[in-house]
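A quick write-up on the structure given underneath.
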Amino acid sequence: MPAPQKRGRARDRNNVLARPEFMSLNQPSPSPQEVRNFNRKQSGQYGGNANEGARERRQSQQLPEEDCMQLNPSFKGIAWNSLMAIDIAMSKRLGVCAHSTSSWGGARSMVKLIGITSHGFPWILGTAICLWNSNTLAGQEVLLNLLLALLLDILTVAGLQKLMKRRGPYEVTPGILDYLVLDVYAFPASHASRATMVSKFFLNHLVLAIPLRVLLVLWAVSVGLSRIMIGRHHISDVIGGVVTGYLEFNFVEILWLSSSTCQMLSSLW
């Protein structure tokens, strides 16, 4: 019977010596029971660490994308962020009339007046009054299509601004007229889109002398520039407004209402 006990002690001693640890020569060798308790404790600790690691991995996978650091961004993302930074910097530099304390703060009222000439409310009201007083079929045709184009511009720009929700380079509170035509956000610039659409409309459907045509183009350009100078829009907002106005004009040309249709609609009122 002593032989099995000796073999068990020898096996436990071999297990102790096989552990990857440095044992002190001055300490007595631990008993087999202590060795087994130590092994259970170690296995439990490793199992707990594995469970904690798996839990952390699951939590990191559940984090929203904006909370994760992109250590290797794409070239497209770098180019886009660089363009946006340049756009914001140049727009702030050109916002010389953003406040009364700006470098051109004294000219803010005059520059703001240029933008009001392209506001949606005066254009819609004036076009409706001219349409009401018009007696010719050609005049009614042009004015009715212009009125529809102005309404289309307001709805399109308001929808895009609500979708993008981009703020201007400066904290400028929209006026009462801006809230009436739903011009609250910055992209695209509604004044620039309306000036582009109206100028293109007049150049195509009105017989104008060359000086008037040049003044019409200069008016559209000055309207877009004035919105940047007062700090209401970025440069990209004005560019987006110009593109939007041009597309709106082409859409109105496709859906152009003929004189007979305009006469039928005018007879309703």
**Prompt:** Can we say PHE251 is of a type outside the set (D, E, K, R), farther than 21 Å from LEU94 by Cβ, open to solvent by 50 Å² or more (accessible area, probe 1.4 Å) and assigned to a helix (DSSP H, G or I)?
**Reply:** yes
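Residues checked against (1) surrounded by fewer than 17 Cβ atoms within 10 Å (Cβ to Cβ); (2) in a helix (DSSP H, G or I); (3) at pLDDT below 90:
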{"residue": "SER100", "(1), (2), (3)": "yes, no, yes"}
{"residue": "GLY106", "(1), (2), (3)": "yes, yes, yes"}
{"residue": "ILE114", "(1), (2), (3)": "no, yes, no"}
{"residue": "VAL142", "(1), (2), (3)": "no, yes, no"}
{"residue": "LEU152", "(1), (2), (3)": "yes, yes, no"}
**Request:** Would you mind finding the one in LEU182, LEU163, LEU208 that is of a type in the set (A, V, I, L, M), part of a loop (DSSP other than H, G, I, E, B) and surrounded by fewer than 14 Cβ atoms within 10 Å (Cβ to Cβ)?
**Result:** LEU208
**Item:** Residue selected from the stretch 117-129 under the condition free of Cβ contacts under 8 Å to residues at least 40 places away in the same chain and open to solvent by 70 Å² or more (accessible area, probe 1.4 Å), by the criterion farthest from ILE239 (Cα to Cα)
**Value:** ILE129
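Go through the stretch 89-114 residue by residue and tally those that are small (Gly, Ala, Ser), within 17 Å of VAL223 (Cα to Cα) and touching a His at 6+ places or on another chain (Cβ under 8 Å).
Looking only at that region, the number is 1.
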**Item:** So LEU216, is it free of Cβ contacts under 8 Å to residues at least 60 places away in the same chain and either farther than 29 Å from SER103 by Cα or not aromatic (Phe, Trp, Tyr) (or both)
**Value:** yes
**Request:** Report, ordered by the first and then the second residue, all pairs with beta carbons closer than 6 Å, sequence separation of six or more or different chains, a first member in the stretch 232-253 that is of a type in the set (Gly, Ala, Ser), and a second member that is assigned to a helix (DSSP H, G or I) and open to solvent by 10 Å² or more (accessible area, probe 1.4 Å).
**Result:** SER236/ASP87; GLY245/THR196
**Prompt:** Would a scan of the stretch 192-203 turn up a residue that is in contact (Cβ under 8 Å) with a residue 60 or more places away in the chain and open to solvent by 60 Å² or more (accessible area, probe 1.4 Å)?
**Reply:** no
**Prompt:** Of the conditions (1) open to solvent by less than 30 Å² (accessible area, probe 1.4 Å); (2) outside any helix (DSSP H, G or I), GLY240 fails just one. Which one is it?
**Reply:** (2)
**Message:** Go through (1) assigned to a helix (DSSP H, G or I); (2) open to solvent by less than 10 Å² (accessible area, probe 1.4 Å); (3) in contact (Cβ under 8 Å) with a residue 40 or more places away in the chain; (4) within 24 Å of ALA107 (Cα to Cα) for GLY224 and report which single condition fails.
**Reply:** (3)
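The values are calculated or read from the model by the stated rules, or taken from the named source; none is laboratory data. Computed from a predicted model, the values in this text were never measured in an experiment. So basically every Cβ, Gly included, is an ideal-geometry build from the backbone, and we count neighbours across all protein chains shown. The accessibility values were calculated without ligands, DNA or RNA, using every heavy atom of the protein model including side chains. Shrake-Rupley method; radii C 1.70, N 1.55, O 1.52, S 1.80 Å.
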